[in-house]
Amino acid sequence: MSNTIEPASDSPEALLNNCMLFGFFPEIVDAFIARGVSPAVWIRTGRKSGQEMRDGMLVLDHTPIKLGDVDAVFSATLDPDLATRVRNLSMPYFIRNINRSARCARDRNKSWAEYNCQLETMIHWYHHLIVSRNIKSIVFNNTPHGGSTIALLFLAKEMGLTVVHCYQTLFANRFFIVDHFYDIGYYRSSFPGEVAPDVKINEKPEKPYYMYFEESVGSLTRQIFMEALKLGYNKIAQKFGAADKSFPFRRKICTYKDRIKMLQIQSKLPAKINLKKKFIYVPLHFQPEVTVDVYGDIYADQLLAIEQLRLFLPDDVHIYVKENPKQTLFARESSFFKRLKAIPETSYISAAVDSFDLIEASIAVATLVGTAGFEALQMGKPVICFGHAWYRCLPGIFNWDAGVKWEDIINFKFDRQKLKNGVAEMSRHFRPGVCQPKGYDEIVEGFDPIKNADLVVTQILDHVSRYENENRLNP
């Protein structure tokens, strides 16, 4: 390209040469190239199954890769011990994330051998791709969480590749960079900058933008009808080679049907509850979602967290478990409710109960990584955190894996100034830009995708430069 800059040999641009870009939108990829970076591979968001070469860069589509819809290869140079480590690290996340594509019940009837073969195939495939393209670094625009893609992250780390893991925050135009999702909320692999003045706390938090939606049985039924029409048209069009076979009409229909069933379950729950009793508030996460299926680790099984919490709490402290308003019957099969019902002094309550009222009346909030945890902090409540929450470094957070004492919860004294200072310090890791534009660009006033792309690439190159300098000083 005529406007491409030739980077110096020790520049961050040169350090990212022959990298893999995972999941970025075209504007950001173009910005990397314009700055002199020569990516070896770009795995882009898309449903198509093809691949192409673009100025020496191999371009692949994300959807067939996450589903394992690739030609199998045997990577002869894959060390068995390396493969074992990656397999053991990846398998729990892989099972949860490949299953997220099976919204229809008939898609879930696969044997353990099918899942095992699929993961093994993709470990070989990723290793072959990395070795054959001589990839030394991978830049992720988000935690890879589609099907087998989580194995790519673990493989890269185990092979000693440079990993740049971006994460878009809920604060407008702010993202951070770490080297693994394990470090989310601690930021030990991040390089701080100036305090971000736009990252603030609010004594009266507002509902996140993504929770503003309305659904009813009637509206969902209409959507099912429309998708069924599209599905019928698609089947006819396939006979003439004019249809997109990958478009998930059937999956959408299954999702809408499950939402209707969940709304019917919710309609039978009482709209009012006793807020005067002593209780811990547990807002359930929507599943499937990266926030719970990856950042929750073993507590992606949310009932496990509730069971352990029940054993931890005094007998006279109740647990209110509130359903996520967007949840379908996926991950809420009959076994879920049977198991939940067996937990003593625990009530499953309607999603219609106001979350802020529950926070206000609770002793504390317990969550994996949910936004409700940050809302509770702002409202002066302690938070028991089970997962890799982005706010787990803040005062008032009690991390379950670090050991929690009930005395510390009930003796917690809220200090707003300490929380402000903690948020200010945390914000030093939040860089300007939108690394994952889908949805997050809508909350940025006057968003310009070209200017944003240059900004994001500048921030990533700054991180890589500081990372390399750190390694030179502390080899």
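The values are calculated or read from the model by the stated rules, or taken from the named source; none is laboratory data. Predicted model, so just to flag it, every value in this text is computed and none were measured. Note that we place each Cβ from the backbone using ideal geometry, even for glycine, and neighbour counts take in every protein chain shown.
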(request) Take the range 270-326 and flag every residue that is over 23 Å from ASN97 (Cβ atoms), outside any loop (DSSP other than H, G, I, E, B) and not hydrophobic (A, V, I, L, M, F, W, C). (result) TYR281, GLU307, GLN308, ARG310, HIS318, TYR320, LYS322
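Yes or no, residue by residue, for (1) in the same structural domain as TYR167 (by TED's automatic domain parsing); (2) in contact (Cβ under 8 Å) with a residue 40 or more places away in the chain; (3) surrounded by fewer than 19 Cβ atoms within 10 Å (Cβ to Cβ); (4) touching a Lys or Arg at 6+ places or on another chain (Cβ under 9 Å):
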{"position": "ILE98", "(1), (2), (3), (4)": "yes, yes, no, yes"}
{"position": "GLU114", "(1), (2), (3), (4)": "yes, no, yes, no"}
{"position": "GLU120", "(1), (2), (3), (4)": "yes, no, yes, yes"}
{"position": "HIS124", "(1), (2), (3), (4)": "yes, yes, yes, no"}
{"position": "SER137", "(1), (2), (3), (4)": "yes, yes, no, no"}
{"position": "THR143", "(1), (2), (3), (4)": "yes, yes, no, no"}
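Across the range 113-148, what is the total count of residues that are in a helix (DSSP H, G or I) and touching a strand residue (DSSP E or B) at 6+ places or on another chain (Cβ under 8 Å)? Spell out how you get there, then give the answer.
Within the range 113-148, the first condition is being in a helix (DSSP H, G or I), and the residues that meet it are 113-132.
Filter again for touching a strand residue (DSSP E or B) at 6+ places or on another chain (Cβ under 8 Å), leaving 129-130.
Residues that pass the stated criteria total 2.
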(message) If I ask for residues that are within 16 Å of THR458 (Cβ to Cβ) and among the aromatic types (Phe, Trp, Tyr), which ones from the range 14-24 would you list?
(response) PHE24
(request) Among the numbered conditions (1) of a type in the set (Phe, Trp, Tyr); (2) in contact with a strand residue (DSSP E or B) (Cβ under 8 Å, 6 or more places away or on another chain); (3) part of a helix (DSSP H, G or I), tell me where PHE154 comes up short. (result) (2)
(request) Working carefully through the options PRO270, PRO283, PRO248, find the one that is touching a Ser or Thr at 6+ places or on another chain (Cβ under 8 Å) and either surrounded by fewer than 12 Cβ atoms within 10 Å (Cβ to Cβ) or at pLDDT below 70 (or both). (result) PRO270
(request) Would you check which residues across the range 143-188 are of a type in the set (Gly, Ala, Ser) and at negative phi and list them? (result) GLY146, SER148, ALA151, ALA156, ALA172
(request) Output the qualifying pairs, or none if there are none: Cβ atoms under 7 angstrom, residues six or more apart or on different chains, first residue in the range 27-44 and closer than 12 Å to VAL139 by Cβ, second residue aromatic (Phe, Trp, Tyr). (result) VAL29/TRP42; PRO39/PHE32; ILE43/PHE22
(message) Condition check: of a type outside the set (Gly, Ala, Ser) and either modelled with pLDDT of 90 or more or more than 30 Å from ASN88 (Cα to Cα) (or both). Does LEU309 satisfy that?
(response) yes
(request) Identify the single condition in (1) exposed (fewer than 15 other Cβ atoms within 10 Å of the Cβ); (2) farther than 30 Å from LYS66 by Cβ that LEU304 does not satisfy, given that it satisfies every other one. (result) (2)
(request) Output yes when any residue across the range 338-360 is over 23 Å from ALA271 (Cα atoms), buried (at least 19 other Cβ atoms within 10 Å of the Cβ), touching a helix residue (DSSP H, G or I) at 6+ places or on another chain (Cβ under 7 Å) and not hydroxyl-bearing (Ser, Thr, Tyr), and no when none is. (result) no
(message) Name the single residue that is farthest from PHE447 (Cα to Cα) among those in the range 168-197 being aliphatic (A, V, I, L, M) and outside any strand (DSSP E or B).
(response) ILE184
(message) I'd like the residue in the range 170-197 that is among the β-branched types (Val, Ile, Thr) and out of contact with any Phe, Trp or Tyr (no Cβ under 6 Å at 6 or more places or on another chain) and, out of all such residues, is nearest to ARG431 (Cα to Cα).
(response) ILE177
(request) Can you give me the number of residues within the range 432-446 that are surrounded by fewer than 19 Cβ atoms within 10 Å (Cβ to Cβ) and at pLDDT 95 or above? (result) 1
(request) Select, from PHE312, PHE286, the only residue that is over 23 Å from GLY147 (Cβ atoms), aromatic (Phe, Trp, Tyr) and touching a residue at least 24 places away in the same chain (Cβ under 8 Å). (result) PHE312
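Confirm whether ASN324 is in contact with a His (Cβ under 9 Å, 6 or more places away or on another chain), free of Cβ contacts under 8 Å to residues at least 12 places away in the same chain and not acidic (Asp, Glu). Working first, answer last.
Working: in contact with a His (Cβ under 9 Å, 6 or more places away or on another chain): yes; free of Cβ contacts under 8 Å to residues at least 12 places away in the same chain: no; not acidic (Asp, Glu): yes.
Answer is no for this residue.
Within the range 400-423, does at least one residue satisfy the condition of being in contact with a His (Cβ under 9 Å, 6 or more places away or on another chain) and modelled with pLDDT under 95?
Scanning the range 400-423, I find no residue that is in contact with a His (Cβ under 9 Å, 6 or more places away or on another chain) and modelled with pLDDT under 95, so the answer is no.
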